[in-house]
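Written out below as structure tokens is the structure these notes cover.
The values are calculated or read from the model by the stated rules, or taken from the named source; none is laboratory data. Computed from a predicted model, the values in this text were never measured in an experiment. Methodologically, a virtual Cβ is constructed for each residue, glycine included, from the backbone with ideal geometry; neighbour enumeration extends over all protein chains shown. Accessible surface is based on the protein model in full, side chains and every heavy atom, while ligands, DNA and RNA are left aside. Shrake-Rupley method; radii C 1.70, N 1.55, O 1.52, S 1.80 Å.
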Amino acid sequence: MIATRLRGGLFTAAALALAMPLAACNSGTEEAATGETVSTDTLAAELGDADGLSTISTAMKDTGLAQVFDGSASYTLLAPTDTAFEAVAGAGLDKPENRALLAEVLRDHVLPGAMSGEDIAKAIETSGGPVEMKTMGETAVTFSKDGDALVVKSADGATAKITGKEMLAANGSALPIDTVLRKF
């Protein structure tokens, strides 16, 4: 079981997210209790069809992590955009000999439970400041707000803004971010 450290109201966000009914029928989309549109497809399927997220989708397949997002457990993926991956092209994450490093980097972008940006914003508001959570890679990320923007910071200091339209799928969510959460 993944150890999750919840501080400063993130428990509220996690509870809200886990309570958010994610549809399990075959009609294509459903509406969650929050009014958000939720796809009945898996997160892996949603990523495969998403504009601007083809690099993360391919990376998940190449490392075998896409199978996790095809299952029934709920996760939140902090999904670096294609542009974010282009910015770290010199790190060689796309090379087959670096697949283990790529998998490690990707695990640091996965959180247990399905959360929307709204859930995270509410947790920050409830706690009166930043909230922290542990990733599947056992590293801490801290969420905060910069004006209206949601910001996530990794333990090594890499900072990303949540950008674009989030995806809510039958088994989780993906929040596009503008930076890979790893300093190279």
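Charge tally for residue 68 (other residues, Cβ to Cβ under 13 Å; Lys, Arg +1; Asp, Glu -1): +1. Solvent-accessible area per residue in the stretch 98-184 equals 39 Å², computed with a 1.4 angstrom probe and all protein chains kept. Plainly put, the stretch 26-184 has a radius of gyration that is 0.95 times its Kirkwood radius, both from alpha-carbon atoms, as the Rg/Rh ratio. Counting only lysines at least 8 places from residue 122 when in the same chain, those with an alpha carbon closer than 27 Å to its own are 134, 145, 153, 161, 165. All C-alpha to C-alpha distances of the stretch 122-162, sorted into 5 Å bins beginning at zero, yield P(r) values of 6, 23, 32, 26, 11, 2 percent in whole numbers. Using the Cα gyration tensor of the stretch 105-184, with a ≥ b ≥ c the square roots of its eigenvalues, what is the shape: rounded (a/c below 1.5), prolate (a/b larger than b/c) or oblate (neither)? Cα axes put the stretch 105-184 in the rounded bin. Comparing the stretch 75-140 with the 2.2 N^0.38 Å rule of thumb, its C-alpha radius of gyration ratio is 1.33 (two decimals).
Expressed as a whole percent, the accessible area of the stretch 58-139 that falls on carbon and sulfur atoms is 48 (1.4 Å probe).
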